[in-house]
2 protein chains.
Amino acid sequence: MPASEFSLIDRYFAAHGLHRADVALGIGDDCALLVPHPGQQLVVTMDTLVANVHFFANADPEGLGHKALAVNLSDLAAMGATPAWATLALTLPRADEDWLERFCRGLFALADRYQVQLVGGDTTHGPVTTITIQAHGFVPPGLALRRDGAQPGDSIYITGTPGDAGLALAAAFGKANIAADDHAYIQGRLDRPEPRLAQGVALRGIASAAVDTSDGLAQDLGHILERSRVGARVEVDRLPLSPALIASLDRDAAIITALAGGDDYELCFAVPLERAGQLEGMAADWECRCTHIGVITAEPGLQLVRADGSAFRLERSGYDHFG
Amino acid sequence: MPASEFSLIDRYFAAHGLHRADVALGIGDDCALLVPHPGQQLVVTMDTLVANVHFFANADPEGLGHKALAVNLSDLAAMGATPAWATLALTLPRADEDWLERFCRGLFALADRYQVQLVGGDTTHGPVTTITIQAHGFVPPGLALRRDGAQPGDSIYITGTPGDAGLALAAAFGKANIAADDHAYIQGRLDRPEPRLAQGVALRGIASAAVDTSDGLAQDLGHILERSRVGARVEVDRLPLSPALIASLDRDAAIITALAGGDDYELCFAVPLERAGQLEGMAADWECRCTHIGVITAEPGLQLVRADGSAFRLERSGYDHFG
């Protein structure tokens, strides 16, 4: 049964329990009133997911609620920020309360885990489900992980095992087969990416540049190279491939998926040599892997090399919406 | 010719000239880095416009760029905030550079006028043009114009001439005829709403409650009544109707349009009697009209009365997306 826009908002979004001390006024007025953290920079990012473009229209709403927030928290992680608040613009073809309830369950489970409060937004009618979230966080001045600080000689690292989400996408389009035992793991990596927030904060003062791999490792690393005006040499045989990825694809296809498959939401970052020991000491305690995959070079461009020094050829570096 | 997502973003959004001192890092990284104003509260609002729901798919893109930002600045005005930054999530069926250029012209003309910098966002492909903007501003603690502060006896005011945008909508759907001389004025009121930012700031410390009339005066005033747990008596013959509205509709229909037509983006606010003189003195210098239309009552509900004291009947109070 359709409910009115306003009762929907009240019921599903405003009623949620978490209330941060830095929120003076949350959902329910023309605007939210927020109390910035003294002496810190405000870090904001906004990402949109569109049905049939970024997710299947029949996707599990709970996973979607998780993912819509996770992709934004991943951007905060890539800046080294501590998350605080989120806003949500939700366009829906109809007021489906079952869908909303499950969407909220996924969204708020992740939000609560990182103490993120939903402070505002807009719910509108439209023909295509479209989810835009803005996440807000804080970082001390000078400590944000930007894209423009990498220097030749810095070591390049990646968290987790890139390519898993790309494999799940390939399988969804009938272009790969996943062993039954690995299916839940691979699908979870696509549907429930884990924002690397603790890793991002730990990298303050350590990493010289960082990015999250939403569009594919090669393309996102390319953003660091472009902004930092440097190049990179990545040793593709060092890429940390998951057992599921290795079992599902031949080695070259697995490497290509790790380099060019999107939707991973891992952190790719550069660390000056003198801080590499400190990084590797810290990373030994992380819940996710952290793997040294290459080096920043003065020569521009991304070189992909095998263990024997031969070039590895990659046709496509990542996802482009209008390409 | 389709261009890549990233070159589109770079060309149309990042290249724009305005650079505020409180933006440490704008478009081009995983997040923007912003410097909050010391001792002030951050005020945020987010509104979405969807093609064929909030605007006609063939609408003038320049007007749309203006309006998408204006509706958000209007929410800041309704809180008494000074605007600072905006983010934009833009979903487009195709990378139409002519459309983008005109959209940006409208957006940035308004942004520049109020010194608002576009600091981030997301451009995605999708079947339906969908525009979500978040606006950010500042207000000193305790001075925000909330919805929950109205008290019985407070006077109720409205800026401008409500109903003009509703008349334009009615005409677009063939339900009203506008005299040729009035057409440009009425259409401009729908397409190019002027956020009442100067008025909102002036109302700090004066108004006890405020709201902007995006969904219709009666419905939006209803939000003040609900949050403040009060009622109101509005004298419908005091409503400031524009000459164009009066010329186009019979008197009852004009009043109904002023009360229930959406998309006006005027400020409706309450002022305690002891500050009414101060308000009316200030408002004499405003560019827009400011009209006393009624009074807050202890008895709940919205009473609409004519000059002779008889009740005015309104079937529908405003716009509801899922109603």
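The values are calculated or read from the model by the stated rules, or taken from the named source; none is laboratory data. Only a predicted model underlies this, so the values are computations on that prediction, with no experimental measurement involved. Here the Cβ positions follow ideal geometry from the backbone for every residue, glycine too, while neighbour counts run over all protein chains shown. Heavy atoms of the whole protein, side chains included, go into the accessibility calculation; ligands, DNA and RNA do not. Shrake-Rupley method; radii C 1.70, N 1.55, O 1.52, S 1.80 Å.
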With buried (at least 21 other Cβ atoms within 10 Å of the Cβ) and over 21 Å from residue B:53 (Cβ atoms) as the only criterion, which of A:51, A:89, A:59, A:78 stands out? A:78
For the range A:107-191, give me every one of the strands (runs of 3 or more DSSP E) that falls completely inside it and has 1 or more residues that are away from every other protein chain (no Cβ under 14 Å) and surrounded by 16 or more Cβ atoms within 10 Å (Cβ to Cβ). A:155-159
Give me the residue from the range A:18-34 that is more than 7 Å from chain B (Cβ to nearest Cβ), in contact with a strand residue (DSSP E or B) (Cβ under 7 Å, 6 or more places away or on another chain) and assigned to a loop (DSSP other than H, G, I, E, B) and, out of that set, most open to solvent (accessible area, probe 1.4 Å). A:19
Does residue B:259 qualify as being assigned to a helix (DSSP H, G or I), under 20 Å from residue B:172 (Cβ atoms) and open to solvent by less than 50 Å² (accessible area, probe 1.4 Å)? yes
Name every residue in the range B:35-72 that is more than 23 Å from residue B:142 (Cα to Cα) and at the interface with another protein chain (Cβ under 7 Å from one of its Cβ atoms), in order of residue number. B:47, B:48, B:50, B:53
In the range A:224-242, which residue that is more than 29 Å from residue A:183 (Cβ to Cβ) and among the acidic types (Asp, Glu) is surrounded by the fewest Cβ atoms within 10 Å (Cβ to Cβ)? A:226
Every listed condition ((1) closer than 24 Å to residue B:220 by Cβ; (2) within 14 Å of chain B (Cβ to nearest Cβ)) holds for residue A:15 save (2)
Can you name the residue in the range A:281-303 that is within 15 Å of residue A:240 (Cα to Cα) and either in a strand (DSSP E or B) or of a type in the set (D, E, K, R) (or both) and is also farthest from the chain's Cα centre (by Cα) among such residues? A:294
Those residues of the range B:192-223 that are open to solvent by less than 10 Å² (accessible area, probe 1.4 Å) and basic (Lys, Arg) come to a total of 0
Breaking point among (1) within 11 Å of another protein chain (Cβ to nearest Cβ); (2) over 22 Å from residue A:44 (Cα atoms); (3) touching a residue at least 60 places away in the same chain (Cβ under 8 Å); (4) not basic (Lys, Arg), for residue B:75: (2)
Restricted to the range A:92-102, and to residues that are in contact (Cβ under 8 Å) with a residue 40 or more places away in the chain and either within 10 Å of another protein chain (Cβ to nearest Cβ) or of a type in the set (S, T, N, Q) (or both), which residue is least open to solvent (accessible area, probe 1.4 Å)? A:95
Pairs returned, first residue in the range B:51-62 that is of a type in the set (D, E, K, R), second residue that is open to solvent by 70 Å² or more (accessible area, probe 1.4 Å), beta-carbon separation under 8 angstrom, 6 or more apart or interchain, are B:60/B:102; B:62/B:102; B:62/B:105
